[in-house]
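No value in this document is a laboratory result; all are computed from the given coordinates. Everything quoted here is computed from the prediction, not taken from an experiment. Quick reminder, even Gly has a Cβ in these numbers, built from the backbone with ideal geometry, and neighbours come from all protein chains shown.
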Amino acid sequence: MPEGHSVHRIARQFDRHFVGKPLSVSSPQGRFGDARLIDGAVLARSYAVGKHLFLELDSGLTLHVHLGIYGAWDFAGDIALDDTAASAGGRMGQTSGKGTVVGSHEDSLASIGAPRRTRLRIGETEARGGSPVEFPPAPVGQVRVRLLTNDAVADLRGPTVCEVIDEARVTAIRDDLGPDPLVDKGGAAKFAARIARTATPIGRALMNQKIVAGIGNVYRAEMLFRARLSPYLPANALPAETIRALWDDWVKLLRIGVDTGQMLTMDGLTLTQKRAALANRVDRHWVYRRAGESCRVCGTAIVMDIMEARKLYFCPKCQGVSA
């Protein structure tokens, strides 16, 4: 599932290429009947809160999208390279030998969300100045909703949530979410208050979107290692300074993720090491997906456990784990 930085990147794409323009809205697969409610409206604002995308229209309605595990936005047309794409030479995220993006949280400029091989290759061709393609391109796959302007198109496939909502519903959704560092002022205090109210393990609490918005499996594992915290410690037993340090680290890592397009969680890298980390996940993380490998700090084998049906990675020595 895309983590918070990816959804902020998607919001950035809409802000750059769609805000201020009237949208032709359709549902190529025919499953989004509410398309008619917003067809012809002008996109006034695009923003993300955690893993939720809000496309605010001049009509007072908002298109609310949560990608879930399988969702993805594909962009085509007059789409310029943003800072994120430029930092990675136009290629966002690593690929396997077959060219498929590995990891739904790290994708190309053309396809942000779950991996899409066709769109990835189109995006790479465009990024490298290849031959122009017909615009707008024909929808590929089961497109739930298509947003079309005179020079850009965004296709949404496979979302968990895709709905048109009013202002009251937007407020209700946001009130139910934990703070997002890039959106919420006073987020540190809100985070601390919600942590203090739960005795659930901190490894579970960080994944609870009602406590803090945007953290997923990768950031959870990496933040706990960086803090040298056992994922099994009761959240409300943590000292106030530890809670504040976790929040500050989330602010830092989220900004890096939005700026680079990668969940780069290792500090103190040389320029060569940083380039390697941006190009390949195996050089990017302390513990995530490194079960059985040696801890980069102490040499102890990284452990993988299951917490609420999600894989949890940690170093038992550095994090003093006692389940």
- Message: So if I take the centroid of the Cα atoms in the stretch 246-274 and the same for the stretch 281-311, what is the distance between those two points in Å?
- Response: 18
- Item | Segments 33-41, 148-156, 278-286 sorted - mean Cβ within 10 Å per residue, highest first | 148-156, 278-286, 33-41
- Query: Fewest first, what order do Met207, Met307 take by the number of other Cβ atoms within 10 Å?
  - Reply: Met307, Met207
- Task: Name the lysines eligible as straight-distance cross-link partners of Lys51: C-alpha to C-alpha under 22 Å, and not fewer than 8 places from it in the same chain.
- Result: Lys185, Lys190, Lys210, Lys252, Lys311
- Item | Contour excess over end-to-end distance, with Cα ends at Ser59 and Ile306 and 0.36 nm allotted per residue | 84.4 nm
- Message: Cut-off 11 Å, label point 7 angstrom out along Cα-to-Cβ of Lys317: give me the residues of the stretch 265-301 whose amide nitrogen falls inside.
- Response: 294-301
- Message: Can you tell me the convex hull volume per residue for the stretch 179-314, based on C-alpha atoms, in Å³ to the nearest whole number?
- Response: 109
- Query: For Arg244 and Thr270, FRET efficiency with R0 = 35 Å and r from the beta-carbon atoms, rounded to 0.05?
  - Reply: 0.70
- Any idea how far apart Ala279 and Cys298 come out in nm if each label point goes 7 Å out from Cα toward Cβ? 3.3
